[in-house]
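Asker: To start, I am sharing the structure in question, which I have written as structure tokens.
The values are calculated or read from the model by the stated rules, or taken from the named source; none is laboratory data. What you see is a predicted model, and the numbers here were worked out from it, not measured in a lab. Cβ atoms come from the backbone with ideal geometry, glycine included; neighbour counts cover every protein chain shown.
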Amino acid sequence: MFLAFDDTDSTKGMCTTFLATEMIRAIDGLDLIGLPRLVRLNPAVPWKTRGNGALCIRFGKGKGRRTLAGRIGRKSIFSFDRGEEPEDSNDLFSIGAELLSNWSRVEEEASPGLVMSKVKPSPAIYWQAVRRVIEREMVENELDRIGARSIGLCGGRGIIGATAAMSWVPHDRTYEVLAYRKRGRWGSQRKITKEDVKLLDERFPSTFNNYDHDSDAVAIAPHSPCPILFGIRGDKVEDLPMAMASIRSEAKDRWLLYLTNQGTDDHVISVAGGLDPGSTYRMSGNIVRTPRTLPGGHVLFQLSANGSIVDCAAYEPSKGFRGKVRALQEGDKVQVIGELREQPRTLNLEKFELLELVDLKEKVANPRCPECDKSMQSLGSEAGFRCRKCGRKEDRSKAEFASVVRKIEPGWYEPPVCTRRHLSKPLKRMVARHRC
Ligand SMILES: [Zn+2]
């Protein structure tokens, strides 16, 4: 039986993953089948809370191999490879609904929803919700079709995300271990040893997005007053408990492993065609206007792709990444991935690949007069040259040119860790996949 929920948190606190740990704690008679799933949805939709992540947990009577998936208080939580359906799911639903109501921050714009089903919704729901905007009606129809039970509070917008999380069929996947704080420390400064976080990439190469070397900042801990102490993401689930243990920190109240779609680029639409704001696209083309820096430090260039001109932007918080964008020139061929914003209409760069550099020439010397062998005089940047002695004129093209030494090489470039999307595939994962 799948139990999914979403939209319980606000910017002022809580976290839907914490509710997942509370559900597992409260649902005593049943086991976890597989790992709980933390599913991130379209980061470009305007009504998201912090991370736009929904949760789905499968409960049943565990069978087969079991592995340690977490610890809540003194209790070890195991995940089973497979399981049998519970005989009675009424308790499951009523416990879920009660916890949803107890923990959701409905007084602070949360709009929680809970869905329970034996049958998974169509994966089409997931793809729509991770890439575009999904209509409530499409979700309700699908829930009717599969005979799911659902409950929503304060509008129940969370039913949409919950259904999407349940419908996720991973083709690419990563894992995250989340460690939670003691209740009394929620809202206070987190105590995490920075040096240990810095070493994560080296000690556990399968982990990613740990430390932001550009801004010298810990990237595994949130800045909000939520119950999370830190979360470590990686490609190998078996490395994560050890990676977690390598971080010296304040006492952990509980921890849990999740299967996620983080770092997969599932939100990116590759197909050519119309571009609607509120989605993330991948497109290739030529730069038709050299990058320029706007007041406020944002860097903007124009790309000609799929028969239209798109303004691409690297915003100020992306710091050093903007230097790479500035090194691009009119005529360069690039592939970009970014979210299309409505106002101003720009593609907000998540990463780019420089495919081909234009051979950029610069004038290094004026031509010499073929008659007098004297250096000719320039008549202005658009006009040609004239000999001071005999008055002979020559074209602009007769000057001596040399290729400009470029400050960037072909390849992928991404913004620093702290400014990346949850869903954005880090280059570290792309390289690993190329090697396979
Ligand atoms: Zn001359």
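Asker: Can you pull out every residue in region 393-422 that is among the aliphatic types (A, V, I, L, M) and exposed (fewer than 15 other Cβ atoms within 10 Å of the Cβ)?
Answerer: ALA402, VAL404, VAL405
This table checks each residue for (1) in contact with a strand residue (DSSP E or B) (Cβ under 9 Å, 6 or more places away or on another chain); (2) within 20 Å of LEU357 (Cβ to Cβ).
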site: ASP265; (1), (2): yes, no
site: SER270; (1), (2): yes, no
site: TYR281; (1), (2): yes, no
site: GLY296; (1), (2): no, no
site: GLN302; (1), (2): yes, yes
site: GLU316; (1), (2): yes, no
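Asker: Which one of the conditions (1) touching a Ser or Thr at 6+ places or on another chain (Cβ under 8 Å); (2) touching a residue at least 24 places away in the same chain (Cβ under 8 Å); (3) on the phi < 0 side of the Ramachandran plot does LEU3 fail to meet, given that it meets all the rest?
Answerer: All conditions pass for LEU3, except number (1).
Asker: Can you name the residue in region 9-22 that is in contact with a helix residue (DSSP H, G or I) (Cβ under 6 Å, 6 or more places away or on another chain) and at pLDDT 85 or above and, of all such residues, is surrounded by the fewest Cβ atoms within 10 Å (Cβ to Cβ)?
Answerer: Once the filter is applied, the top-ranked residue is GLU22.
Asker: Filter the helices (runs of 4 or more DSSP H) completely within region 158-206 down to those with at least 3 residues that are buried (at least 23 other Cβ atoms within 10 Å of the Cβ). Reasoning before the result, please.
Answerer: Values: elements: 158-167, 194-198, 200-203.
Correct list: 158-167.
Asker: Residues that are surrounded by 11 or more Cβ atoms within 10 Å (Cβ to Cβ), within 11 Å of the ligand (Cβ to nearest atom), among the aliphatic types (A, V, I, L, M) and farther than 22 Å from CYS312 by Cα: does region 382-392 have at least one?
Answerer: no
Asker: Turning to a different aspect of this structure: Determine, yes or no, whether GLY285 is away from the ligand (no atom under 16 Å from the Cβ), assigned to a loop (DSSP other than H, G, I, E, B) and under 28 Å from PRO426 (Cβ atoms).
Answerer: Criteria not met by GLY285.
Asker: I'd like the residue in region 364-381 that is in contact with a strand residue (DSSP E or B) (Cβ under 7 Å, 6 or more places away or on another chain) and outside any strand (DSSP E or B) and, out of all such residues, is farthest from the ligand (Cβ to nearest atom).
Answerer: Checked region 364-381; the qualifying residue farthest from the ligand (Cβ to nearest atom) is LEU379.
Residue by residue, here is whether (1) in contact (Cβ under 8 Å) with a residue 12 or more places away in the chain; (2) touching a Pro at 6+ places or on another chain (Cβ under 9 Å); (3) farther than 21 Å from ASP6 by Cβ holds:
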{"site": "LYS194", "(1), (2), (3)": "yes, no, yes"}
{"site": "ASP201", "(1), (2), (3)": "no, no, yes"}
{"site": "ASN210", "(1), (2), (3)": "yes, no, yes"}
{"site": "PRO225", "(1), (2), (3)": "yes, no, no"}
{"site": "VAL237", "(1), (2), (3)": "yes, no, yes"}
{"site": "LEU240", "(1), (2), (3)": "yes, no, yes"}
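Asker: Identify, from the list LEU99, LEU114, LEU92, the residue that is under 25 Å from GLU22 (Cβ atoms), assigned by TED's automatic domain parsing to the domain that holds SER10, under 28 Å from the mean Cα position of the chain (by Cα) and outside any loop (DSSP other than H, G, I, E, B).
Answerer: LEU114
Residues are listed down the side, and each one gets a yes or a no for (1) buried (at least 21 other Cβ atoms within 10 Å of the Cβ); (2) within 30 Å of ALA217 (Cβ to Cβ):
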| residue | (1), (2) |
| --- | --- |
| THR280 | yes, yes |
| ASN286 | no, no |
| GLY296 | no, yes |
| TYR315 | no, yes |
| GLN329 | no, no |
| VAL336 | yes, yes |
| ARG341 | no, yes |
| LEU349 | yes, yes |
| LEU357 | no, no |
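Asker: Take the residues in region 393-413 that are basic (Lys, Arg) and within 16 Å of the ligand (Cβ to nearest atom); name whichever of them is farthest from VAL358 (Cα to Cα).
Answerer: Taking the candidates together, the pick is LYS393.
Asker: Tell me whether region 330-346 contains one or more residues that are more than 16 Å from the ligand (Cβ to nearest atom), closer than 19 Å to VAL271 by Cβ and of a type in the set (D, E, K, R).
Answerer: Yes, there is a match, as at least one residue in region 330-346 is more than 16 Å from the ligand (Cβ to nearest atom), closer than 19 Å to VAL271 by Cβ and of a type in the set (D, E, K, R).
Asker: Please go through region 118-141 and give me each residue that is surrounded by 22 or more Cβ atoms within 10 Å (Cβ to Cβ) and outside any helix (DSSP H, G or I), ordered by number.
Answerer: Kept after step one, since they are surrounded by 22 or more Cβ atoms within 10 Å (Cβ to Cβ), are these residues of region 118-141: 121, 125-126, 129-130, 134, 139.
Passing the criteria: PRO121, ILE134.
Asker: To continue, here is another question. Residues in region 308-356 that are in a loop (DSSP other than H, G, I, E, B) and aliphatic (A, V, I, L, M): how many?
Answerer: Applying the first criterion (in a loop (DSSP other than H, G, I, E, B)) to region 308-356 yields 315, 319-320, 327-332, 341-346.
Of the ones still in play, those that are also aliphatic (A, V, I, L, M) are 327-328.
Here the count works out to 2.
Asker: Which one of these is among the β-branched types (Val, Ile, Thr) and in contact with a Gly (Cβ under 9 Å, 6 or more places away or on another chain): VAL119, VAL169?
Answerer: VAL119
Asker: Consider GLU356 carefully, then state whether it is more than 47 Å from the chain's Cα centre (by Cα) and more than 16 Å from the ligand (Cβ to nearest atom).
Answerer: When the stated conditions are applied, GLU356 does not pass them.
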